[in-house]
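Comments concern the structure below.
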Amino acid sequence: MRCSLRTTTAVVLLLGACRAPSNSQTRALAIEPTVPPRQSVTFPDGWRFKAGEKAAFGEHFMIASNQGLASDAGSEVIRAGGNAVDAAVAVGFALAVVYPVAGNIGGGGFMVIRLADGRSATIDYREVAPRAASRNMYLDASGNPTDESIIGYRASGVPGAVAGMAEALSKYGTMSLAQVMAPAIRMARDGFVVDSSLHLGLRSSFGYIGKFDARDIFYNNGEALAPGTVFRQPALARTLQLIAEQGPKAFYRGEVGDSLVAAMTRGGGIITKQDLELYQPLWRTPIKSTYRGYSMFSMPPASSGGIVVTQSLNILEAAADTLPAWGTAAYAHLLGSAFQRAFIDRNSKLGDPAFVNVPLDQLTSKGYARTLAKTIDPNHKTPTPPNGSQIVDGMHTTHYSVVDDQGNAVATTTTLNNGYGSAVYLKNVGFFMNDEMDDFASAPGKPNMFGLVQGEANAIAPGKRMLSAMSPTIVLDPKGELFLVVGGAGGPRIITATSQVILNVIDNRMSLADAMRAPRLHHQALPDTLMVETNGLTSEAEAGLKRIGHAVRYLSGLANVNAVMRVKGGWEGVSEPRVGGTGGTSSR
Ligand code: DON
């Protein structure tokens, strides 16, 4: 299925990249890059990846996701004449089958679309709080958050994935749901071969999902499905078939929804039939911004992603015409300080725009960025007030980037929140439910699962969308040609990792392979630490950062990104090297 793969991909192929068949209606890309040539980079000694690796290459189209079989589902649809939106929806449903840790129909997501004819759109299919949700529903008698926003039946928002993908398809796709869902249905019904990534993910999650009905489906006597075995999901196949035949109403008003509500009622959850009936995906105006002459299309709230990526890049653009050399303390300090400032605003001001007044224009303005850039002292870090916020590792959302043979592009990020969501698996209908309620500030001022300390703007209310960090982004080069499709997983680190891949290809002129392999850093205001990847700094840079006053903390991996970039003669795609072969391992 895959072709032209010029990358060394260990154990599991995570990416599908194929030429369209010669008889398909393709427009070979006459466009050549108008961007400067790439430059080589030297990574710090001891860094886990080598610089100079090759990316996958496709002359006509490219799909990068966390699971090769899901990317292949998209390729199949494009080869049959579909466009990038058809393919993205095919990938989304396929991920629900072959990448159950994050791919889903029991969760939600965001999609950014940019068509070759210049139109752009975003669709928000984020979960919403059920009508019976209330501000303090996750607080114990002493006012401390319980784990009910994370695990179990009460942790779920009303899923948006099915409605959102179907709506995107009906507006911008060219095929029927049945056509684009065919690969997913086939893989659920006939099975697919379990890879090491799924096996290891399940093995490490037994203590979590083994508490619920997934125990009987994904484990044999407590042993995770073995790599190499064929895994069939008849209940999920039936659910997908019903959706393919009846449309989203099968999920929101029909048999699937009835089963979901019955399970919720049995387990003490609060999602009702009416919650499902009321669910609506929302088309939103994309955030359009610029960075050093490039244009970006990104996601407005209910995700914070577009605002915070835009604001961070605006601050960097205002701070320096040329960024300090990549890998130096000065570079890391400047990036960390820009992210810190953007997250301070994010954490206090952003929430569902139907409930709070989001100052989007101000936060994304160049003038405001100039004001913030002036507050960065090159020699001293600015403290954020301390608290006990903890950071939890995790990369279990999933992003996929699709570019078709016409130059249409789709960036989609979808999630159950935690790996395997709330751990609640609906065995009659074959899918995991999300634990997206934890993305609200259950207790404003106290950290959530990702250590994010957020305010009233993101407090729980019935029917409200919880604030997200998902950052699907499409970048055009200075001539207005499609350049980069990018996004990732990893909670708040999605924002900083997505920004850094953009900076790496624009400012640092890295190849996409290097841009993805380069060590990442992260700052989210609170906790007030500059997080960096283990061995991701030279000793000189580390010493410099400490002199500037940063509390440097090392983490094993920051985020999980999948990206596509235009190069001479076609497209390069890189799937996250940090999860290659072990993607699915959850360590929170
Ligand atoms: O929407 C969000 O920002 C989160 N629910 C994303 C969660 C995520 O990336 C999981 N991985 N750590």
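The values are calculated or read from the model by the stated rules, or taken from the named source; none is laboratory data. All figures in this text were calculated on a predicted structure; none of them were measured in a lab. With ideal geometry, Cβ positions are generated from the backbone for all residues, glycine too; neighbour counts draw on all protein chains shown. The area values use the complete protein model at the heavy-atom level, side chains included, leaving out ligands, DNA and RNA. Shrake-Rupley method; radii C 1.70, N 1.55, O 1.52, S 1.80 Å.
Looking at segment 101-120, I want the residues that are basic (Lys, Arg) and have a partner that is open to solvent by 10 Å² or more (accessible area, probe 1.4 Å) with Cβ atoms under 6 Å, at least 6 apart or on another chain. Which pairs are those?
Final answer for the pair search is ARG114/SER120; ARG114/PHE297.
Inside segment 454-485, can you point out the residues that are closer than 19 Å to MET137 by Cβ and either in contact with a Pro (Cβ under 9 Å, 6 or more places away or on another chain) or at pLDDT below 95 (or both)?
GLN454, GLY455, GLU456, ALA457, ASN458, ALA459, PRO462, GLY463, ARG465, LEU467
Can you name the condition, by its number, that ASN417 falls short on among (1) in a loop (DSSP other than H, G, I, E, B); (2) in contact with a strand residue (DSSP E or B) (Cβ under 9 Å, 6 or more places away or on another chain); (3) at pLDDT 95 or above; (4) away from the ligand (no atom under 11 Å from the Cβ)?
For ASN417, the exception is condition (4).
Test VAL475 against the stated conditions and say whether it is in a strand (DSSP E or B) and among the aliphatic types (A, V, I, L, M). Reasoning before the result, please.
Working: in a strand (DSSP E or B): yes; among the aliphatic types (A, V, I, L, M): yes.
Yes, satisfied.
Could you list, in sequence order, the residues of segment 228-247 that are more than 11 Å from ALA178 (Cβ to Cβ), assigned to a loop (DSSP other than H, G, I, E, B) and under 27 Å from the mean Cα position of the chain (by Cα)?
The answer is ARG232, GLN233.
Within segment 158-172, track down each residue that is closer than 12 Å to THR122 by Cα and open to solvent by 10 Å² or more (accessible area, probe 1.4 Å).
First, the residues of segment 158-172 that are closer than 12 Å to THR122 by Cα: 164-165, 167-168, 171-172.
Selection gives GLU167, LYS171, TYR172.
Could you give every pair whose Cβ atoms fall below 7 Å, whose first residue belongs to segment 310-333 and is on the phi > 0 side of the Ramachandran plot, and whose second residue is in a helix (DSSP H, G or I), counting only separations of at least 6 or pairs across chains?
GLY327/ALA541
Taking segment 478-531 as the region of interest, how many residues are hydroxyl-bearing (Ser, Thr, Tyr), within 19 Å of the chain's Cα centre (by Cα) and open to solvent by 10 Å² or more (accessible area, probe 1.4 Å)?
Adding up the residues that qualify gives 0.
For segment 478-504, how many residues are out of contact with any Phe, Trp or Tyr (no Cβ under 8 Å at 6 or more places or on another chain), part of a helix (DSSP H, G or I) and more than 15 Å from the ligand (Cβ to nearest atom)?
3
Hey, could you check segment 248-263 for residues that are more than 21 Å from TYR153 (Cα to Cα) and open to solvent by 10 Å² or more (accessible area, probe 1.4 Å) and say which is nearest to the chain's Cα centre (by Cα)?
PRO248
Hey, among GLU127, GLU148, which residue is in contact (Cβ under 8 Å) with a residue 24 or more places away in the chain and acidic (Asp, Glu)?
GLU127
May I ask you to list the residues in segment 333-371 that are among the basic types (Lys, Arg) and buried (at least 16 other Cβ atoms within 10 Å of the Cβ)?
Residues satisfying the conditions are ARG341, ARG346, LYS349.
Take the residues of segment 451-465 that are farther than 20 Å from THR310 by Cα and in a loop (DSSP other than H, G, I, E, B): which is farthest from the ligand (Cβ to nearest atom)?
It comes out as PRO462.
Could you list all residues from segment 437-450 that are more than 11 Å from the ligand (Cβ to nearest atom), of a type in the set (A, V, I, L, M) and over 20 Å from ALA354 (Cα atoms)?
ALA443
Which numbered condition in (1) surrounded by fewer than 24 Cβ atoms within 10 Å (Cβ to Cβ); (2) more than 13 Å from the ligand (Cβ to nearest atom); (3) of a type in the set (A, V, I, L, M) is the only one that VAL574 fails?
Unmet for VAL574, out of (1) surrounded by fewer than 24 Cβ atoms within 10 Å (Cβ to Cβ); (2) more than 13 Å from the ligand (Cβ to nearest atom); (3) of a type in the set (A, V, I, L, M): (1).
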